[in-house]
Amino acid sequence: MSRSNINVPSGELGRRQFLARIAALATFPALAQPARRPAFDTDELAHRAFRYFWEQADAGTGLVRDRARLDRRPDEPHHWHVASIAATGFGLTALAIGAERGWVDGGAARQRARATLRFFAHRAQHVHGWYFHFLDLASGSRAWQSELSSIDTALLIAGVLAAGAAFDDDREIAALAQRLYRRLDFQWMLAGDRLLLSHGWTPERGFIPYRWDSYDEATILYLLGIGAAERPLAPASWYAWRRPWIDFAGYRYIAGARPLFIHQYSHAWVDYRHRRERQGEHINYFENSVAATRAHRAFCASLHARFPDYDDEHWGITASEGAHGYMAWGGPPFASDIDGTLVPCAAAGSLMFTPDLCQDDLAAMLRDYGNGLPARNGFRQPIWGAYGFCDAFNPLTGWVSPHVLGIDLGIGLLSAENARSGSVWRWFMSHEAPRQAMARIELLPEAAPHPRV
């Protein structure tokens, strides 16, 4: 695929020059303010992540690879031809960010977005508007016998709607975005339940026997369903799932699973700021994610005696590649699968919640490990490259993932842009559906002081 339209310097920004740019920020400290470590250059992180979504998408289908190598070399054939619909949702949003930031020509970004939406509208296999989790990059056919995924389709549609709003001067893009959203049959995905959605469906076995029944990354799925103009979910669906409370290091928040990404993905598009439920547990979901991020940092620091690479400056465990395969790790609470691995997208994905803490973490990773980790052959394994950080690395064992994952780069890119400008929130929330869903469930602007989460 061509990179002729992307405004990326031909020479990579070296680590020495990159750190020099960061250090320059400390030359003029604010008056009467205590000295503070220089901020991490989130623009550079975001720009490199955007490069992934431009380079690793098929120009014909618009589908985005599930993963790629950090060094840009072709991956093994089993993965190289496989796209992820969730990564494609992040990729559609990345096109809007790149066009707004001037990283890609606006016309080229619209052309890519239009091609992607045309593919899903006219060629991609779907059942009641829902798509298979993994697809062949070029043909769009089902890959890996994957499931028709409710949450991954929701993340795809979130990107579709964000692109539709960002490129609303293109009538076809705007119309296709609405068409793809309206096609979703949320009643069908209830799979016989009155309120709770299924994880998905396969042609071989029918509906997956698990439901989105606890707080996790699926809040955007329920908002899209409750706000749908056709075949919507009942507002009671919002209050049907469990909200397990976690107390750690003085922080109190709800979490239905350990990985930090469950507190990030829906927030990449949905602007939950300054809103609180008027029913149920009266939760402010944005503040909940702030508390979850701070608690996770404290959790990692509490493991320092067991894993010396973890401290309050080096932290972050969320679902990622590990030395023994893909790991759905995180915490609190502690589990035996944790081995000292650092996952950069944990902090990158929370930039929109706690920017200073996350910038410090990312800056420390680059400062202390940016030259790579030593390998047995005497060479150093890079953790930083054309697309930013590798997916994960372990300073204690020397293991470094050779890959980047589309969804992990995507959450960092969208979180960084929301922290900088709020543009992704603005695009997605310009649609009536999420606003109407919030009104229906009484997730309303806070009008008076209320006990904080």
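No value in this document is a laboratory result; all are computed from the given coordinates. Everything numeric in this text was worked out from a predicted model, so none of it was measured. Counting neighbours? That spans all protein chains shown, and the Cβs are built from the backbone with ideal geometry, glycine included.
What stretch of the chain, leaving out the sites themselves, is the longest with no chymotrypsin sites (Phe, Trp or Tyr not before Pro) in a DSSP loop having at most 16 other Cβ atoms within 10 Å? Show your work: numbers first, answer last.
Working: sites that count: W144, Y210, F334, F379.
Segment 1-143 is the longest.
Restricting the trypsin sites (Lys or Arg not before Pro) of the stretch 100-156 to loop positions (DSSP other than H, G, I, E, B) with no more than 16 neighbouring Cβ atoms within 10 Å leaves R123. Structural size metrics of the chain, computed from C-alpha coordinates, are Rg and Dmax of 21.1, 67 Å.
What ranking of L45, L95 emerges when the number of other C-beta atoms within 10 Å of each C-beta is taken as an exposure proxy, fewest first?
Working: L45 24, L95 29.
Least crowded to most crowded, the residues run L45, L95.
For a label point 7 angstrom out from the Cα of A328 toward its Cβ, which stretches of the stretch 261-303 have the backbone nitrogen within less than 16 Å? Label zone hits: 261-265.
When only the Cβ of Lys, Arg, Asp and Glu is charged (+1, +1, -1, -1), the dipole of the chain relative to its Cα centre reaches about 460 debye.
Taking each full run of DSSP H in the chain as one helix, which ones are at least 18 Å long along their axis (Cα atoms) and have mean Kyte-Doolittle hydropathy of at least -0.5? Numbers along the way, then the final one.
Working: long enough: 42-55 (20 Å, -0.90); 85-101 (24 Å, 1.05); 106-122 (24 Å, -0.46); 150-166 (24 Å, 1.74); 285-302 (25 Å, -0.08); 355-369 (21 Å, -0.37); 406-420 (21 Å, 0.47).
Passing helices, by number: 85-101, 106-122, 150-166, 285-302, 355-369, 406-420.
Rounded to the nearest 0.05, the FRET efficiency derived from the C-beta distance between W80 and A59 at R0 = 22 Å is 0.85. Its relative contact order, with pairs defined as Cα atoms under 8 Å and 6+ residues apart, puts the stretch 39-445 at 19 percent.
So how much slack lies between D337 and R376, counting 0.36 nm per residue of separation and subtracting their Cα-Cα distance, in nm? If you can, show how the numbers build up before the last one.
Numbers: separation 39, 0.36 × 39 = 14.04 nm, distance 2.40 nm.
Computed gain between D337 and R376 is 11.6 nm.
Which value results for Rg/Rh of the stretch 73-120 when Rg is the Cα radius of gyration and Rh the Kirkwood radius based on the inverse mean 1/r? Don't jump to the answer; show the numbers that get you there.
Numbers: Rg = 12.6 Å, Rh = 11.9 Å.
Rounded to two decimals, Rg/Rh equals 1.06.
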